[in-house]
1. Check region B:79-100 and report whether any residue there is away from every other protein chain (no Cβ under 14 Å), over 20 Å from residue B:49 (Cα atoms) and part of a loop (DSSP other than H, G, I, E, B).
2. Do you know which residues across region A:64-89 are buried (at least 24 other Cβ atoms within 10 Å of the Cβ), closer than 15 Å to residue B:78 by Cα, touching a residue at least 12 places away in the same chain (Cβ under 8 Å) and not polar (S, T, N, Q)?
3. Please work out which residue is modelled with the lowest pLDDT, limiting yourself to region A:212-235 and to residues that are assigned to a helix (DSSP H, G or I) and away from every other protein chain (no Cβ under 14 Å).
4. Can you name every residue in region B:169-201 that is under 22 Å from residue B:8 (Cβ atoms) and acidic (Asp, Glu)?
5. Considering only region B:219-259, state which residues are within 28 Å of residue B:92 (Cα to Cα), of a type in the set (D, E, K, R) and modelled with pLDDT of 90 or more.
6. Looking only at region A:74-93, filter to residues that are out of contact with any Ser or Thr (no Cβ under 6 Å at 6 or more places or on another chain) and among the hydroxyl-bearing types (Ser, Thr, Tyr); which one of those is farthest from the other protein chains (Cβ to nearest Cβ)?
7. Return the residues of region B:33-70 that are free of Cβ contacts under 8 Å to residues at least 40 places away in the same chain and touching a Pro at 6+ places or on another chain (Cβ under 9 Å); say none if nothing qualifies.
8. In region B:260-275, what residues are modelled with pLDDT of 85 or more and out of contact with any helix residue (DSSP H, G or I) (no Cβ under 6 Å at 6 or more places or on another chain)?
Amino acid sequence: MDGMRLVMGNEAVALGALAAGCDFYAGYPITPASEILEGMARLLPPRGGVFLQMEDELGALAAVIGAAWGGARAMTATSGPGFSLMQEHIGYAAITQTPCVVVDVQRGGPSTGLPTLPAQGDAMQARWGTHGDRPAIVLTAASVRGAYEATIQAFTLAEAHRQPVVLLLDAVVAHMREPVDLPPPPAPSQRRPVRSPEPPFGEHPFTPFGAGRPIVVTGLSHDDEGLPRTGSARASERMLRATEARMAADPALAGLDRYRLDDAQVAIVSYGVTARVARAAIDTLRQAGLPVGGLELTVLWPFPEREVADLAARVDAILVPELNLGQMVLPVRAAVAGRCPVTSLGRADGTLFQPDEVAEAVRALPAGTAMGRDQRHA
Amino acid sequence: MPRIGDDLQRYLRTEMMPTVWCPGCGHGNIARAIASALEHGGYDPERVVLVGGIGCSGRTPFYFNTNAMHTTHGRALAFATGLKMARPDLKVVVVTGDGDALAIGGNHFIHAARRNLDVAVVLYNNSIYGMTGGQQAPTTPVGARSTTSLSGAIEPAFDAVELAMAAGATYVARTTTFDAQEMPVLIAEAIEHPGFALVEVLTQCPTYYGRLNRLGDAPEMLIWERDLTEPSPDPLTREQMAGGRRTGVFRREVRPEFTRSYAALCERLGAAADA
């Protein structure tokens, strides 16, 4: 063990990637994600891994996908503007069932927006940003330790479901330093081709080039052999549905934390840095005798519908604070389905919520009423 | 010297044929030349990856019994960069079109050339966007008609050879589908070349470019290609290049290649040589 030391969130992502066996990184400089790029530039070459600074973010994710088919455990990291550019290739990775990891350290948007200032405005883009439908895995974290663990989990899930996995951080978690005790990473190891008579796509495990017969990879709808032929549209839809079903059954994707929630009558549903602010608000409200608790999402997508529906049956009201104008409140409302009022508390001015602000919003909730006003923060 | 008519079956995925290409299109001739070049090099199909972009040229990988990546519009070289860096042992051949490589993919094209990445790029230049129905390309000559330049193009065209040379490519050649004997030879040389190698192939699109510019059908367009270009001594001087659509080899030089430079960096930093 290295022992306890102060680590920045972005450094923790780089260290988590190495711990997961990542041996390939391609990226492009962008604030507030550049420390991941710089960390990988320092860490990978002495270990024999590949570090590549590409000419843009489209190229970065393209290189990651190309490397994955070469056998690499590959990752890229960016922020909002770069994440927007990567959307086409997230779709390409989805339809080609290519395991890879994309970290998006969110910043205020749209467009160049608020560089270096925190936001949570990419929650929906991470789910729906590419054209067409796809199963999506989107993780998030609220601490340095959480960022480290989520990065490792992202690689595991990418492999298990053969899909691109997005890790959404925010500029606060990415740039803050916290004491953590991280084990030294193992030596990198390339994925080996698996010789198998099974077709290379569909419900079969991922194998890179070199598995005993040539593989065709295409972004066109294709059958399990990888070829665009009659019936391949149906084959692609079947693959997407099957992947989604497998994700729904994966206990690793039921990620959430509960904070003082057992006897709560009001719940705050939050994620990322906002979950930390929510905890402070909950403590304040509890001191004042108000039974408030927190449901903290660590997996944004697939959205934990059942857990939120169960919660809605037990509490009088739900508050969803997030650093955007109201994004994750939408699936919360869909899951709650009118069982209790859901109120959005949104902010997109590059500043964090203050605990008092969240506490005040809880006090203003229409709790106790069977169906209170469903306020949307203007 | 690769010979036409050798047994190319080893490299071709005949189950995917007939191709999507129109009657008279030159792309099939180029694909055949690539197969000839691979056969000439004796490459194991499983150690070869054909990477294509989007457009008529991008369909080429489906007809090859090698590993294949049919990627996104303009980005074939970016995919190829990641793949080649992860697996320098694989032979990577990029097939791309003039719109794919020089418009939407122009940035990746110049940067892959700058890095001198060990890939061979076969650029199918038909002077127009074929798959989308005949729109103006960055290679459409001034005055030429397309569906988006019906009165004749007013934008100057890119010269892929000049662009690649300026960006740092270490093997640069141009040929045409008329030059059926030369084409596989140049492609074979590009595949063997240890660095970024470009072979631009001027090819006929009778369906759109030929029809819109009254150049006739495929046979007439092959003659048009012959008359348009001028075979050149090998290699050309800068002065000899100026002013014409020369064919032949423009550059053949050795400069540090990217995957090798990277391996040397890793070694210097203490990584195991075989990692």
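The values are calculated or read from the model by the stated rules, or taken from the named source; none is laboratory data. Keep in mind it's a predicted model, so treat the numbers as computed, not measured. Cβ coordinates were reconstructed from backbone atoms using ideal geometry, including for glycine residues, and neighbour counts include every protein chain displayed.
1. No, every residue in region B:79-100 fails to be away from every other protein chain (no Cβ under 14 Å), over 20 Å from residue B:49 (Cα atoms) and part of a loop (DSSP other than H, G, I, E, B).
2. A:64, A:65, A:67, A:68, A:69, A:70, A:74, A:75, A:86, A:89
3. A:233
4. Residues satisfying the conditions are B:179, B:182, B:189, B:192.
5. Correct list: B:251, B:252, B:253, B:255, B:257.
6. Among those residues, the one meeting the criterion is A:79.
7. B:35, B:39, B:45, B:46, B:67, B:68, B:69, B:70
8. B:260, B:261, B:262, B:263, B:264, B:267, B:268
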